[in-house]
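The values are calculated or read from the model by the stated rules, or taken from the named source; none is laboratory data. Here the structure is a predicted model, which is why all the values come from computation and not from measurement. When we count neighbours, we look across all protein chains shown, and the Cβ atoms used for this are built from the backbone with ideal geometry, even at glycine. To get the accessible areas, we keep the full protein, side chains included, count just its heavy atoms, and leave off ligands, DNA and RNA. Shrake-Rupley method; radii C 1.70, N 1.55, O 1.52, S 1.80 Å.
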Amino acid sequence: MTKEERQSIILELLIQHNSILVTDLATHLNVSSVTIRKDLTDLEREKKLYRNHGKAILIDPYIDNRNISEKEKLYVEEKRLIGMKAASLITPKDSILIASGTTMHALARSIVPADELTVITASMEVSNILASEKNIYIIQLGGILRHSSLSVVGKYAENILADFSCSKLFIGVDGIDLDFGITTTNMMEASLNRVMMQTAQKTIVLADSSKFGRRGFSKIADMEDVDHIITDSRIPPSTALRLEEMGIEVTIADSVHHNSI
């Protein structure tokens, strides 16, 4: 087998599994770990994968802080389905927290309350989407405006949460690394998200499958602090299994149970 053939197989395996251990690659290809590491170095230099702690990841897991208008164009259908699935968890007379991000916008668009609902949110766009619903009592957090996400952060936003208790927090993330935890690109947003988690009885992460195996700059929390993850059907089965082994409920949002309009 040539080096080119071997590296092609490595990339095919990464597409299937998202990340894979050096030792597993060496066993699969019947070559030494040294040879695999050289292959991974070549592929990383070509920006086809990222190396991290004895494993290869298909893409660089460190995320740029992109503007929300750019993020709105990514994984639109996945976010819509995730938002619908998340909205179905809201109960009559519920009190919920909604963090910031484009998947939170998809959630807000799916909320049609059958009864009174209280929503506390950091996102100006979420408040804007929900404002026409007469049954929703909205508490808009105040603080420092993040222009890139149209949401607020800072101590003013954090302090007001001390007066509340909610059943659920719906939170979006920029990265989910099963060893490192859930992350975002902004340090102040991570801090607010941690306070939100303390305010809610249950933390529900809404994340399309592209977020797995990636890290943002700022850690929000360990995986053990997450109760439930709603994602799309492209999540690698091995990742879903490992999450469930950690005691995290995993829900796959797909279109099978939704009629197309």
* Asked: Pairs, please: C-beta under 6 Å, at least 6 apart or cross-chain, first residue free of Cβ contacts under 8 Å to residues at least 24 places away in the same chain and in the range 152-179, second not in a strand (DSSP E or B)?
  -> Tyr156/Gly142; Tyr156/Gly143
* Filter the range 120-140 for residues that are touching a residue at least 24 places away in the same chain (Cβ under 8 Å) and open to solvent by less than 20 Å² (accessible area, probe 1.4 Å); which is farthest from Phe170 (Cα to Cα)? -> Ile136
* Go through the range 1-91 and tell me which strands (runs of 3 or more DSSP E), entirely inside it, have 2 or more residues that are at pLDDT 85 or above and open to solvent by 30 Å² or more (accessible area, probe 1.4 Å). => none
* Subset of the range 92-117 that is touching a Gly at 6+ places or on another chain (Cβ under 6 Å) and over 14 Å from Leu169 (Cα atoms) - its residue that is surrounded by the most Cβ atoms within 10 Å (Cβ to Cβ) -> Ala106
